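What follows is a single structure, written as structure tokens, with notes after it.
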Amino acid sequence: MKLNDIAVRFALVFSCALMTGTPAIAKTLQCVPFARDVSGIEIRGNAKTWWGQAEGRYARGKAPKVGAVLAFAAIGKMPMGHVAMVSQIVSDREVLLTHANWSRRGGIERNVRAVDVSEAGDWSKVRVWFAPIGGLGLTAYPTRGFIYADGAPEADPLPVIQIARGPSDPRGIFTLVDDTSF
């Protein structure tokens, strides 16, 4: 084999390697842009900032709702936090999530189990299905709560409470009267 033939073959192999390597350097899908796209919640930045950014812009709470985003707190193995959309409610302690970048880097998972394992039943700690073991993961992840896609929170009307001095009480003891029950 001549030196020229070796150079041509090397160039051909090298150019093929470059073409197959291109997808590997492409940017992988992260949980934040995916959650934003599937939920319609227009928040940007790391997942760990979503709960704070949602304040005053979106309703937030401790109860799951289809279309809401569950905001995970940042922890050592998950320093940027995580966000996932609730796709179905199974029971008061189990939902199905749709999210990206959980079991596999850049991968999308639809309708995977998440179970509330908090002592108070307030969704402050969850275990989530993890593909490599084919079941719920072993870690209980802390969460901040749910961000609801249907607008800013409405102010709850406060009950009208009057402070009145009892007419027959010479000591001047005040009595609370709740006008909303009348």
Next item on the list: Using θ = phi - 60° and the Karplus relation 6.51 cos²θ - 1.76 cosθ + 1.60, list the HN-Hα couplings for the range 54-64 in order, rounded to whole Hz, with x at every Gly or Pro.
Entry: 6, 4, x, 9, 9, 5, 10, x, 9, 9, x
Margin query: Please list, ordered by chain and number, the residues whose modelled amide H lies under 5 Å from the amide H of VAL126; skip anything fewer than 5 residues away on the same chain.
Written below: VAL117, TYR141, THR143
Checklist line | Solvent-accessible area of VAL66 with every protein chain in place, 1.4 Å probe, in Å² to the nearest 10 | finding: 90 Å²
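Go through ILE133, ILE108, ILE75, ILE43 and list them by solvent-accessible area, largest first, probe radius 1.4 Å.
Numbers: ILE133 100, ILE108 75, ILE75 45, ILE43 0 Å².
If we order ILE133, ILE108, ILE75, ILE43 from most to least accessible, we get ILE133, ILE108, ILE75, ILE43.
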Checklist line | HN-Hα J in Hz across the range 94-103 - Karplus 6.51, -1.76, 1.60, θ = phi - 60°, x for Gly and Pro | finding: 9, 9, 10, 10, 10, 7, 10, 6, 10, 7
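On a 1.4 Å probe surface of the protein chains, which of ARG60, ARG105, ARG36, ARG44 comes out largest in accessible area, and what is the full order?
These residues rank, largest area first, as ARG105, ARG44, ARG60, ARG36.
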Check: How large is ³J(HN,Hα) for each residue in the range 28-40, as worked out from phi by the Karplus curve 6.51 cos²θ - 1.76 cosθ + 1.60 (θ = phi - 60°), to whole Hz, x for Gly and Pro?
Finding: 8, 6, 9, 5, 5, x, 5, 4, 4, 5, 7, 9, x
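The values are calculated or read from the model by the stated rules, or taken from the named source; none is laboratory data. From a predicted model like this one, the values you see are computed outputs, not experimental measurements. Calculation scope for accessible area: heavy atoms of the full protein, side chains included, ligands and nucleic acids excluded. Shrake-Rupley method; radii C 1.70, N 1.55, O 1.52, S 1.80 Å.
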